[in-house]
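The values are calculated or read from the model by the stated rules, or taken from the named source; none is laboratory data. Treat the numbers as computed from the prediction; the structure is a model and nothing was measured. FYI the Cβ positions are ideal-geometry reconstructions off the backbone, even for glycines, and counts take in every protein chain you see.
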Amino acid sequence: MQAADKLALVFPGQGSQVVGMGRDVAQAYSAARDTFAEADEVLGFPLSQLCFEGPDEVLQDTYNTQPAIFTASIAILRALQSAGFAAQPAFLAGHSLGEYSALVASGALTFAAGLRLVRERGRLMKLAGERNPGGMAAVLKLDDKAVEEICRQASAETGCVVQIANYNSPGQVVISGHNEALERAIQLAETAGARRIVRLAVSIASHSPLMASITDEFRQAVVDAPIQKPQVAVVGNVTARPLTSVEEIREEMVRQLTSSVRWVESVAYMAAQGVRHCIEIGPKDVLTGLIPRIHPEMKATACGTLAAIQALV
C-alpha cells in the first residue's frame, strides 16, 4: 500500500461456515483458544467443538451458524492481533451477520454481548422462517435495476413479496421472499437473460419483509444490549455509511433484518475514502472474491487460517 492508502477489515456472514473453521488458529494462539472457550461458557454448550468437528448438519442450522461464524471471526482477529499485526484500519464493515463482528472489532460491543445478540438473532430468524416460509436465490449477470423491476413485477403478479436481499457485486445479487413470488421472479430473470440463477438451500427469506414478525422481539434484545460508540468507523449494511452513534447502531441492527445488504455501495464508499486494501477476517474468502469485482483497484486478502495470519505478520 502507498502511505496515503487506507486499510479496512471486513467480516463475512452466513455462507462462510465450514467444519474445522478456526481450529488451526486456536491450536496455535491462546487468544483464539480463549475466545472459543468464552463462547462455550457464554452459550452453555461446546460451540468450539461444533466449529472444529461438526457435524455439518448441526453447524448449518442458522441458530448455530450465526454464533459459530461470529466466534470464529473474532478468534481469528484476536489471534492476528496477538501475532503482532498492528496496522490500524480506517474502516470496518461486515456482510449481514458479519456486521456484528465489525462492531466488536470497533469496541462498540463486547464479544459476550455480541455473541448473545447473534445467538438470539439466529433463533428469531429461524422462528420467522417457520412462521413465514420463503427462500432465496442468487441471480448472476443481470443489471441491478432490471432485477429490482423483476421483483416488483413478481410481487405484483403473485400478491406476495420478493426483493433484493444482497447487492453483492456488479452482476451478482441475491433475491429473497415468499416462495411463490421467488419462483415467478426466477422465471422472469431467466426470460430477461440472467446467465445463471442458483436457488439457495435455505427456508429463511433473510433481509426481506418476511422477517418483520420478529423485529419487535429482536429490538428488545438490542435495547437491552450494552452498546458504546465505535472507536473505528463501521460502515453499515442498511445505509452504506458509517454508524456514528449508539442510536444508529441499534436502529441498524433492527432494520437490517428486513432491509437489503448494500455491500456494493459499502465497498464503494470505503474506496472513495481512500481504502485500497481490505482484509477479510473469518472463515473462507467470500468477500475477498467480491471486493475486486466492485472496485478493481482494491486489494483483498483473506485471513481465516494459521498460514494466512503468518503471511500477514
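Which residue out of PHE70, PHE91, PHE52 is of a type in the set (Phe, Trp, Tyr), more than 21 Å from LEU9 (Cβ to Cβ) and in the same structural domain as ALA233 (by TED's automatic domain parsing)? Spell out the reasoning first.
Values: PHE70 fails: more than 21 Å from LEU9 (Cβ to Cβ); PHE91 fails: more than 21 Å from LEU9 (Cβ to Cβ).
Result: PHE52 is the single residue among PHE70, PHE91, PHE52 that is of a type in the set (Phe, Trp, Tyr), more than 21 Å from LEU9 (Cβ to Cβ) and in the same structural domain as ALA233 (by TED's automatic domain parsing).
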Picked from the range 31-73 (must be closer than 23 Å to ALA128 by Cβ and in contact (Cβ under 8 Å) with a residue 60 or more places away in the chain), the residue surrounded by the fewest Cβ atoms within 10 Å (Cβ to Cβ) is ASP61
Residue that is surrounded by the fewest Cβ atoms within 10 Å (Cβ to Cβ) [pool: residues in the range 175-189 that are over 13 Å from GLU157 (Cα atoms) and touching a helix residue (DSSP H, G or I) at 6+ places or on another chain (Cβ under 6 Å)]: ALA189
Kindly indicate whether any position in the range 89-109 is modelled with pLDDT of 95 or more, surrounded by fewer than 17 Cβ atoms within 10 Å (Cβ to Cβ) and not in a loop (DSSP other than H, G, I, E, B). no
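What about ILE164, is it under 24 Å from SER266 (Cβ atoms) and assigned to a strand (DSSP E or B)?
Details: under 24 Å from SER266 (Cβ atoms): yes; assigned to a strand (DSSP E or B): yes.
So ILE164 fits the description; yes.
If you check THR65 against the conditions, is it outside any loop (DSSP other than H, G, I, E, B), of a type in the set (S, T, N, Q) and more than 27 Å from ILE204 (Cα to Cα)? Step through it out loud before you land on a result.
On the way: outside any loop (DSSP other than H, G, I, E, B): yes; of a type in the set (S, T, N, Q): yes; more than 27 Å from ILE204 (Cα to Cα): no.
No: the conditions fail for THR65.
On the basis of being of a type in the set (S, T, N, Q), crowded, with 21+ Cβ neighbours inside 10 Å and in a helix (DSSP H, G or I), does SER213 make the cut?
Details: of a type in the set (S, T, N, Q): yes; crowded, with 21+ Cβ neighbours inside 10 Å: no; in a helix (DSSP H, G or I): yes.
No: the conditions fail for SER213.
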Of those in the range 44-58 that are within 18 Å of SER73 (Cα to Cα) and in a loop (DSSP other than H, G, I, E, B), the residue nearest to the chain's Cα centre (by Cα) is GLY54
Limited to the range 74-88, what total is found for residues that are crowded, with 23+ Cβ neighbours inside 10 Å and free of Cβ contacts under 8 Å to residues at least 12 places away in the same chain? 0
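Can you tell me which of ARG121, ARG116 is surrounded by fewer than 21 Cβ atoms within 10 Å (Cβ to Cβ) and under 30 Å from ARG33 (Cβ atoms)?
On the way: ARG121 fails: surrounded by fewer than 21 Cβ atoms within 10 Å (Cβ to Cβ).
Sole residue among the options that is surrounded by fewer than 21 Cβ atoms within 10 Å (Cβ to Cβ) and under 30 Å from ARG33 (Cβ atoms): ARG116.
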For residues that are buried (at least 19 other Cβ atoms within 10 Å of the Cβ) and of a type in the set (Gly, Ala, Ser), scanning just the range 16-30, find the one that is farthest from SER266 (Cα to Cα). ALA26
All but one of (1) at pLDDT 95 or above; (2) under 18 Å from the mean Cα position of the chain (by Cα); (3) not aliphatic (A, V, I, L, M) hold for ASP216; which doesn't? (2)
Tell me, which residue of the range 270-313 that is within 16 Å of the chain's Cα centre (by Cα) and either part of a helix (DSSP H, G or I) or not assigned by TED's automatic domain parsing to the domain that holds PHE11 (or both) is farthest from GLN172 (Cα to Cα)? THR288
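Is it the case that VAL162 is more than 23 Å from LEU50 (Cα to Cα), at pLDDT 95 or above and crowded, with 20+ Cβ neighbours inside 10 Å?
Details: more than 23 Å from LEU50 (Cα to Cα): yes; at pLDDT 95 or above: yes; crowded, with 20+ Cβ neighbours inside 10 Å: yes.
The answer is yes for VAL162.
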Can you pull out every residue in the range 124-148 that is closer than 18 Å to GLU180 by Cβ and part of a helix (DSSP H, G or I)? ALA128, GLY129, GLU130, ARG131, VAL147
Within the range 225-235, is even one residue farther than 20 Å from PHE70 by Cβ, outside the structural domain of GLN163 (by TED's automatic domain parsing), in contact with a helix residue (DSSP H, G or I) (Cβ under 7 Å, 6 or more places away or on another chain) and not in a helix (DSSP H, G or I)? yes
